[in-house]
Structure formats: structure tokens, C-alpha cells
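Novice: The structure follows.
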Amino acid sequence: MGSSGPGLDPELARAVPGGVLVVDFGAQYAQLIARRIRECRVFSAVVPHDMDPERIAALHPKGLVLSGGPASVYEEGAPALNPRLLELGVPVLGICYGMQSMAQVLGGDVARTGAAEFGKTPLEILVRDGLMRDVPMEQCWMSHRDAVVATPPGFTATARTTHAPVAAMEDASRRLYGVQFHPEVVHTPFGTDLLKAFLFDACHCAPTWTPVQVIEDQVARIQAQVGDERVICALSGGVDSAVAALLVHRAVGDRLTCIFVDHGMLRMNEGEQVEDAFGNYFHVPLIHVRAQDHFLSALAGITEPEEKRKIIGREFIRTFEQEATKLGGVNFLVQGTLYSDVIESGSRDASKIKSHHNVGGLPDDIAVDLVEPLRQLFKDEVRVVGEELGLPERMVWRQPFPGPGLAIRIIGEVTAERLEILRRADFVLQEEIRRAGLYRDLWQSFAVLPAVKSVGVQGDERTYAYPIVIRAVTSDDAMTADWARLPHELLEQISNRIINEVAGVNRVVLDITSKPPGTIEWE
Ligand code: XMP
């Protein structure tokens, strides 16, 4: 095993000196902290809480952050803090569970006070010094049941709330810090200032890391990995595969060929946008497979959503493999794996790390090595890199779009006629959402075509036609979502235009379901 140890691949490990490691006591919290640290231009990566402290020391971080987590320090099997982590000679900041486990290990008292705090909570600063010196916090975001009720020897309580007598604490001589609240969430005003105080005043980090630096690193790394061989990449129209492809193209030029399997379930003009950007603008060798007819025949008569997904997945791989075989002599395949995929693939045991196939579900047994130039980056950082590489705004900021595309937004059978109705309605909706300046505020906005018809009247004629459902949601990660409160005038405009411009539609309805209980997609 390399010096990085389980949970951190060597490529990420190379970036750690000068950066700060987040010790993970509960995955979703740790990721967000790492993202916030990176926003301060300090490199950050996530390591599992049970990683050998000597291996952590060997990575030479400038500081450690112990993340929050869902457990109680008194629970059986709760993730334990290895005290050695507090003796590595670098500053340590414990957040929530991280602070409680620090207090427990160093001889403080953690208790279930009986009064939990969740959400926005008034905060009183007791000592305007150390991390709190220049952070004028009066409020913080809390999520805890247990609380530190007595600081460990050597520590001073620097802030409190009604139910957390130690809402922040520090031992300046040992450079150990703790906060009960969550500075990483946007609901803690001045949370980023507190993180900055830790990064720059306590750890003496330099704000020099940017996602754009990754471009140079990755170009060199890809050149070393690929040598004189040839590479293929499956383009989907999405930002990850597009940015990955452009990075590889910058590294190996025309030895990269992109294969764009256009299954015909894309939105209006999306195929042309990929062709324009890659083929005409960046001059990346591009094979554009127009396979709508093939996919439509494969989907004929199919109404069950999972069956649709399976068929599209299978035909996608077949088509891709046929094109790849025609090329011959290709040894590398580009994948748009992101850092969040890497963390979620299981950082606990390197032997269990799977490579994450997030491009339309490519086969596991394809006999090529993977090139994954985005393994270090979070999604928002990929967008920054995409902009820097000159990718068009529409591709960089595209809302997530499912691999099976419009097929899972057409309830019931997918036919050429129904596809056309949905594509036109969706085009109107996208255009109006963009015009209203809301596109980037929404996680997703799209049209759905149900399998029912209803009666209407247009001109003097009775119509019997499809409704279109408007679905627009806000979300941070697609795990939960809320329906977007679109302005009534906008809804009116969308409704009028769809009914006037899209033949076969006589009614527009709005989906006002959050997730849960609904899902974002209808199938
Ligand atoms: P749901 O509908 O489960 O969707 O709330 C959550 C997110 O996943 C996307 N999604 C898919 N993406 N293939 C994909 O690549 C799929 O089969 C698929 N189904 C849902 C969906 O658009 C949303 O962002």
C-alpha cells in the first residue's frame, strides 16, 4: 500500500502538503467542509476517521478538521477519535461531533443535556480572541443533541448558546479548536470567516489552490499515463464528460476520439450543440452517431420505466462498443468520475473502491484503462474548469439531465410523435425559464408528457389532446428537493406558449410535489 493509505489515492495525496485534511465522521458533512475549504483556495481532501494517524502525518497536511457526524459519542460503535491525531503538531478544528469527540478524548465532559438545538440559534461570544477574534457572529446553525458541558483542561470556552454552554472552545497553546455549530453551512453567518481564521491564522495556509491549477496538473498526468496510445471518450452532452474530454484533448490532441451516441432522447438542439462545440469549435475528432430510429424501435411497445432504462442502457453500450471496435487499437477510456463519486465509492477500504461509471453506464469489462481527470474535483469546480477551457455557457451550466433522457419523461410508450410533442414543449419551457433568469437557480426544470388526454376547446373546436406537466425543483444534491415557486406571470407565459406553439397539447399543469414523497423525475 502506498504512503497515502486507504481512502486517498496517490494523485490526491500529492496535493495535500499545504492543504487541510477533513477527517470524516459522517460522509455528507465532511464533503461540504472540504468544499468550503477549497473555496478559500486551500486544497482539502477527505480521509476516513480510522485512517492510521501515521499515514495522515506522512501526507503533511497543514491542519485537520474533524467533521460532524450523526452519532452520539456515547453510542456503542460510535466512530472513535484516535487521540494521536491531536498530537501531530498541526492545528485541529473539531466541528460538532468532531468537537465532542475531542472534548471526550482530552478529559472534558459531553452530556445529553436534554435540550437539543436545530437550526438558526443565537450565539454569544465569550472571548473575542483566537478564532473568534475577528468573527462578529451573533447567530449560528446548530444540529445537536449532545453538548460539551465542561471544557477539557487547558481549554477556554469562547462562545455559548442557550443550550450549549460550550458552543466554541480553544486551547491556543496546543492549537486545538472546537465549535459545536456548523461553520460550513450557509446558514451560519460568518461561518466562512471562521474557517478562514482557522486556515490562515492557525494553520498558516496560503490561499493559492484553485481548480484551474488542476488543468496543468491533469494535462501532465494524462500525458504520462497515455504515452503515445489512443483514447476514446463517450460524450453525453453533460458537463462532466465534456470537461473531461477537453482536458484529455488538451493533453493528447487528436489521439482522442469522442463518440457521441445520440439516442434521440435529447432535448431540442442538444445534439447540434455538442457537434458545434466539439467538432467545429474545439476540433476534437468526433463520431456523432445519430441513432434515434434504432432506439425508438428498441423501445416500441415498452411502457415500464425500468424496462426503458434497461433497453436504453443496453443499446447505448452496444452502439458505443461497435463504434469503438471500428476505431481499433484504443487502450484508454475517459471517465468523468468526480471527487464526490470517489468519496462515496467507499473511502474506508481501498480494495473496495469501484470505478464509478457515470457516463451512460459503460460496460465494466471493457478492456481499456480509465483516464479520470476530474477525480480531484467537486461538481462546481468542474464548472470552473469548464469555463476556463472555453466550454460554452450552455454546456457548463446545464441542469442535470438523466441518461435515458426524454424517454423517462414520456409516460407510457415512447413514439416519434410523442417525443416531438415533449421536445417542443420542453424547449418553450427552457426558453422561458432562461429568459426569466431562473435557469441557474433551479436544480432542474423540465416538461413531462403524461399518458392521458383531456377535452379542451380551441377556436370553435373541441380538442382531445395531451396535457403537459411543468416540473421545476430546487435542490442541493437531488436527494431531497422542493418544488420551485415560479412566478405566476411566468407560468402563464409558459402555458400560453406551449398551447399555442405545440400541436397535440391542450392543457398545462404544474407539479407541486417535493421529494420525498415524490421523485424529481416522473419515471
Ligand atoms: P429522482 O427522479 O430519483 O432523480 O428524484 C434524482 C436525480 O437523478 C436523475 N435521474 C437519472 N439520471 N439516469 C440518470 O443518469 C437515470 O436513469 C436517472 N433517473 C433519475 C434525475 O434527473 C435527478 O437529477
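The values are calculated or read from the model by the stated rules, or taken from the named source; none is laboratory data. Keep in mind that this is a model prediction, so the values were computed, not measured. Every residue, glycine as well, gets a Cβ built from its backbone with ideal geometry; the counts of neighbours run over all protein chains shown. All accessible areas refer to the heavy atoms of the entire protein, side chains included, with ligands and DNA or RNA removed. Shrake-Rupley method; radii C 1.70, N 1.55, O 1.52, S 1.80 Å.
Novice: Examine region 241-261 for a residue that is in a helix (DSSP H, G or I), surrounded by fewer than 17 Cβ atoms within 10 Å (Cβ to Cβ) and either on the phi < 0 side of the Ramachandran plot or not assigned by TED's automatic domain parsing to the domain that holds ALA425 (or both), and state whether such a residue exists.
Specialist: For region 241-261, residues in a helix (DSSP H, G or I), surrounded by fewer than 17 Cβ atoms within 10 Å (Cβ to Cβ) and either on the phi < 0 side of the Ramachandran plot or not assigned by TED's automatic domain parsing to the domain that holds ALA425 (or both): present.
Novice: With (1) closer than 23 Å to THR519 by Cβ; (2) crowded, with 18+ Cβ neighbours inside 10 Å; (3) among the hydrophobic types (A, V, I, L, M, F, W, C); (4) under 24 Å from the mean Cα position of the chain (by Cα) as the list, and LEU377 as the residue in question, which single condition is left unmet?
Specialist: Status for LEU377: all satisfied but (1).
Novice: Residue pairs, Cβ under 6 Å, 6 or more apart or interchain, first in region 69-91 and of a type in the set (A, V, I, L, M), second open to solvent by 30 Å² or more (accessible area, probe 1.4 Å). List them.
Specialist: VAL73/GLN104; LEU81/VAL105; LEU88/ALA57
Novice: Name every residue in region 229-240 that is more than 14 Å from GLN335 (Cα to Cα) and either assigned to a helix (DSSP H, G or I) or acidic (Asp, Glu) (or both), in order of residue number.
Specialist: GLU229
Novice: Taking the criterion of being under 24 Å from GLY191 (Cβ atoms), surrounded by fewer than 16 Cβ atoms within 10 Å (Cβ to Cβ), of a type outside the set (Val, Ile, Thr) and in the same structural domain as GLY191 (by TED's automatic domain parsing), would at least one residue in region 92-112 satisfy it?
Specialist: Among the residues of region 92-112, not one is under 24 Å from GLY191 (Cβ atoms), surrounded by fewer than 16 Cβ atoms within 10 Å (Cβ to Cβ), of a type outside the set (Val, Ile, Thr) and in the same structural domain as GLY191 (by TED's automatic domain parsing), which makes the answer no.
Novice: Oh, and also: Restricting attention to region 458-480, report how many residues are loosely packed, with under 11 Cβ neighbours inside 10 Å and modelled with pLDDT of 95 or more.
Specialist: The number of residues fulfilling the criteria is 2.
Novice: Mind checking whether some residue in region 392-407 is acidic (Asp, Glu) and modelled with pLDDT under 95?
Specialist: Yes, region 392-407 contains at least one residue that is acidic (Asp, Glu) and modelled with pLDDT under 95.
Novice: Quick test for you: out of ILE512, ILE410, pick the one residue that is within 16 Å of the ligand (Cβ to nearest atom), over 23 Å from the mean Cα position of the chain (by Cα) and under 30 Å from LEU32 (Cα atoms).
Specialist: Numbers: ILE410 fails: under 30 Å from LEU32 (Cα atoms).
The unique qualifying residue is ILE512.
Novice: Evaluate the following for ILE499: is it within 16 Å of the ligand (Cβ to nearest atom), surrounded by 19 or more Cβ atoms within 10 Å (Cβ to Cβ) and modelled with pLDDT of 95 or more?
Specialist: On the way: within 16 Å of the ligand (Cβ to nearest atom): no; surrounded by 19 or more Cβ atoms within 10 Å (Cβ to Cβ): yes; modelled with pLDDT of 95 or more: yes.
Spelling it out, it is not the case that ILE499 is within 16 Å of the ligand (Cβ to nearest atom), surrounded by 19 or more Cβ atoms within 10 Å (Cβ to Cβ) and modelled with pLDDT of 95 or more.
Novice: Assess whether GLY346 counts as being among the small types (Gly, Ala, Ser) and at pLDDT 95 or above.
Specialist: Values: among the small types (Gly, Ala, Ser): yes; at pLDDT 95 or above: no.
The answer is no for GLY346.
Novice: If only one of GLY437, GLY412 is open to solvent by less than 30 Å² (accessible area, probe 1.4 Å) and at positive phi, which one is it?
Specialist: On the way: GLY437 fails: open to solvent by less than 30 Å² (accessible area, probe 1.4 Å).
The unique qualifying residue is GLY412.
Novice: For region 277-294, indicate whether the set of residues that are within 16 Å of the ligand (Cβ to nearest atom) and either open to solvent by less than 20 Å² (accessible area, probe 1.4 Å) or in the same structural domain as PHE446 (by TED's automatic domain parsing) (or both) is non-empty.
Specialist: The first filter runs over region 277-294 and keeps only residues within 16 Å of the ligand (Cβ to nearest atom), leaving none.
Among the residues of region 277-294, not one is within 16 Å of the ligand (Cβ to nearest atom) and either open to solvent by less than 20 Å² (accessible area, probe 1.4 Å) or in the same structural domain as PHE446 (by TED's automatic domain parsing) (or both), which makes the answer no.
Novice: For region 442-457, how many residues are among the hydroxyl-bearing types (Ser, Thr, Tyr) and either closer than 23 Å to PRO402 by Cα or open to solvent by less than 20 Å² (accessible area, probe 1.4 Å) (or both)? Let's see the steps before the verdict.
Specialist: Looking only at region 442-457, we keep the residues that are among the hydroxyl-bearing types (Ser, Thr, Tyr), and these are 445, 454.
From what's left, either closer than 23 Å to PRO402 by Cα or open to solvent by less than 20 Å² (accessible area, probe 1.4 Å) (or both): 445.
Number of matching residues: 1.
Novice: Then there's this: Do we have VAL185 as open to solvent by less than 10 Å² (accessible area, probe 1.4 Å) and aliphatic (A, V, I, L, M) here? Full working, then the answer.
Specialist: Working: open to solvent by less than 10 Å² (accessible area, probe 1.4 Å): no; aliphatic (A, V, I, L, M): yes.
When the stated conditions are applied, VAL185 does not pass them.
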